[in-house]
Amino acid sequence: VDSDTPLSKLLKVVEDVGKKSKATESVVYWMRMGDLRIKDNRALSLASAHAKKADVPLVVVFILSPQCYKAHDRAPRRIDFTLRNLALIKASLQKLHIPLRTITEPNRRVIPHQIISFLEHLNASAIYANIEYEVDELRRDIEISKAAREKDIDAIFTHDKCVVEPGVVLTKEKRAYSVYSPYQKAWLKTLNANIPHFLENYPEPHPNSESVHTMAKFGALFDSLVPESVVGFELDPADRAKMEQVWPAGETAANEILQRFLHTKSRSSQLAAVDPLAEGAEDSVKRSRISVYDAERDRADKDTTSRLSPYLAAGVISARACVRATMPDTKNTTKKVDGGRWVQEVAWRDFYVCILAGFPRVSMGRPFQEKYADIVWEGPVLEGAYTDNQQERLNPKAKLPLATAESHIEKWKTGWCRTGYPIVDAGMRCLNEMGWAYLHNRARMICAMFLVKHLMIDWRIGEKYFMEKLIDGDLASNNGGWQWCASTGVDACPYFRIFNPYSQSLKADPTGDFIRHFVPELAAVRGPDLHNPPPSVADKLGYPRAIVKHEDSRDRALRRFKNPGEA
Ligand code: FAD
């Protein structure tokens, strides 16, 4: 990690922890939005070991911050998923006599102060947390580390999100990789060279003594309730019920979904059932999803991918546990991780975290490849991403009237999407309705690239919209995915490789089930017409004609990417 990034600054600040010993009455673990689990949770495990050694209670705190969620464009679905998981965690911790205190803090700038006061109130000697790699969060943790040190409290921030943490897999020049394939090879080599370290399974916390319930400072903490919702992020009850069914909360559910991926066959139609845990008669162990993943992962009409991203993004399951599960025998350390296609996808997740940590500008609305900063987008340009001051600015060089560009954005995103490209409309309606469910990587790429290359709309507008809808919204992966599609990112799709939505549609949805389900206007259409309805068919069925022509849009995108700054 470069020496001037917020992450390296945080790591520098925490180098001094443990040098002062202070009489203690407790140890605190600060659970964050990305580590909602008890099993194999590094910071929780370390905090528990510390508390046991010092013979004091372990206390868990969770801060709900609507202001942070707004700045990060968090989806109400993601917040609801957080709360559902948190309620289960609270119940599990309660059985171990470990209190979970939930604090709602409206002003995010006050969080460091809030945390220090909490630690002082509990006379805690240490606070443990897993690192969040977003810039604001790193800066906040630096502030907390410094303030804690002044009070002789150790603030310990540990890596936990990735299989191989940022700063370990580096080029010969000791820099972060900016091309995926050599990164992935080096990642696998590093991992296999020290499996016991990288795939360590961190023990669950020790129980507190039962007497903690009657101790003045701690007993009341057990009464703290996990709220049902967060103001400004309430989920419509029907959506909530749907999300509960599709994405059940909890570590047991996450593990069942992992096991289903590893050991059962995919359904011929993924739309047969909404509930991912409801196994159909077709499931068998003959050819598991993971064994056909490489061949079938791009199918939008089949249930072929793991569907673990909401659980990985929220940390309901660790990435380590996912990789460990692909190995036949984790006790035998001569066994290696095979690095099959699925594990490679998990490595993409690590890669994007490394990019976020090593090149923090990507999370501040900047393209990774600065040469594309001046691309002329149609319609508004989004500035101040991930800050409290997001705003859309008019683009003076745009050619289309603002109203047309804005209507294109609306047709792509909100309501009953009507771009006239069935695969794009199906994907976007699926996103709006399901928050993921059937929108795996290929489908996301098709929708994202259409917005950026066909409509020439600023990728940051799409990135924000995805975050507001996705239940697995994750800054590193979402930004990485968007910048890949926009050709502005690290190791991105070259700008001249523009997806043809019709041929992509034929490949991703050969049965047409995906389109027919989400675009019922076209339910009666059979054959290739479904992917590219002729005007007479579209008109008859009330389906819109394509809002832009593929060839013309392609030419415009090629021209603008070749000459950034020119319209
Ligand atoms: P599988 O195919 O089973 O893969 C296993 C796991 O590997 C995933 O759960 C995920 O954690 C990781 N993974 C797979 N592909 C990628 C990838 N390309 N980049 C990073 N990690 C990957 N993923 C998110 O978790 N959150 C996001 O907000 C997000 N936004 C995206 C936006 C765009 C425009 C694109 C193109 C991709 C985005 N992705 C995002 C990556 C990817 O689409 C999802 O992780 C994946 O579709 C989830 O489905 P799955 O769990 O069945 O994945």
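Bear in mind these aren't lab numbers, they're just calculated from the coordinates by the rules spelled out. Every value quoted in this text rests on a predicted model; they were computed, and no experiment measured them. FYI the Cβ positions are ideal-geometry reconstructions off the backbone, even for glycines, and counts take in every protein chain you see.
List His454, His440 from most exposed to least, where exposure is judged by having the fewest other Cβ atoms within 10 Å.
Least to most surrounded, the residues fall as His440, His454.
Let me check against my output: what whole-number percent is the relative contact order of segment 307-372, with C-alpha pairs under 8 Å and at least 6 apart?
With pairs under 8 Å counted, the relative contact order is 15 percent.
Based on DSSP H runs of at least 4 residues, each adding -39500 (n - 2.57), what is the mean residue ellipticity at 222 nm of the chain after dividing by all its residues, to the nearest 500 deg cm²/dmol?
Using -39500 (n - 2.57) per qualifying helix, the result is -13000 deg cm²/dmol.
Fewest first, what order do Thr190, Thr102, Thr414 take by the number of other Cβ atoms within 10 Å?
Values: Thr190 16, Thr102 19, Thr414 11.
Ascending number of Cβ neighbours within 10 Å: Thr414, Thr190, Thr102.
Relative to the compact-globule scaling 2.2 N^0.38 Å, provide the ratio for the alpha-carbon radius of gyration of the chain.
For the chain, the normalised Cα radius of gyration comes out at 0.99.
Evaluate E = 1/(1 + (r/R0)^6) for Lys562 and Ala403, where r is the Cβ-Cβ distance and R0 equals 30 Å; express this FRET efficiency to the nearest 0.05.
So, using R0 = 30 Å, E works out to roughly 0.60.
Using a cut-off of 20 Å between alpha-carbon atoms, which lysines can reach Lys189, once sequence neighbours fewer than 8 places away in the same chain are excluded?
Candidates past the 8-residue exclusion: Lys161, Lys172, Lys174, Lys331, Lys335, Lys336.
List, in the order given, every pair from Lys371/Lys397; Lys540/Lys562; Lys413/Lys540; Lys302/Lys469 whose Cα-Cα distance in the structure shown is over 28 Å.
Those over the limit are Lys540/Lys562.
From the Cα gyration tensor of segment 121-164, with a ≥ b ≥ c the square roots of its eigenvalues, which class applies: rounded if a/c is under 1.5, or else prolate if a/b is larger than b/c, or else oblate?
Taking the square roots of the gyration eigenvalues as a ≥ b ≥ c, segment 121-164 is oblate.
Students often forget the sequence filter, so: which aspartates and glutamates lie under 13 Å Cα-Cα from Lys399 once same-chain residues fewer than 8 apart are removed?
Once the sequence-local aspartates and glutamates are set aside, what remains near Lys399 is Glu378, Glu566.
Over all alpha-carbon pairs of segment 1-154, lay out the pair-distance distribution in 5 Å bins, whole %, shortest bin first.
P(r) for segment 1-154, in whole percents per bin: 2, 9, 18, 22, 22, 16, 9, 3, 0.
Could you work out the local net charge near Lys411, counting Lys and Arg as +1, Asp and Glu as -1, over the other residues with Cβ closer than 14 Å to its Cβ?
That works out to 0.
According to the square roots a ≥ b ≥ c of the eigenvalues of the Cα gyration tensor, what is the shape class of segment 122-277, taking rounded for a/c under 1.5, prolate for a/b larger than b/c otherwise, and oblate for the remainder?
Note, shape of segment 122-277 comes out oblate.
How would you rank Leu382, Leu58, going from fewest to most other Cβ atoms within 10 Å of each one's own Cβ?
Fewest-to-most Cβ neighbours within 10 Å comes out as Leu382, Leu58.
Could you tell me the calculated FRET efficiency between Val231 and Ser536, based on Cβ-Cβ distance and R0 = 51 angstrom, to the nearest 0.05?
0.50
Within the chain, which complete DSSP H helices have Cα atoms spanning at least 24 Å along the helix axis and a mean Kyte-Doolittle hydropathy of -0.5 or higher?
Result, helices passing both filters: 76-95, 341-358.
Take each of the peptides 41-48, 319-326, average the number of other beta-carbon atoms within 10 Å over its residues, and list them starting from the highest.
41-48, 319-326
Could you calculate the FRET efficiency of Asp223 with Glu150 from 1/(1 + (r/R0)^6), where r is the beta carbon distance between them and R0 is 45 Å, rounded to 0.05?
0.90
Would you list which lysines come within 16 Å of Lys12, measuring only between C-alpha atoms, while excluding same-chain residues fewer than 8 positions from it?
Here the lysines satisfying the reach criterion relative to Lys12 are Lys146.
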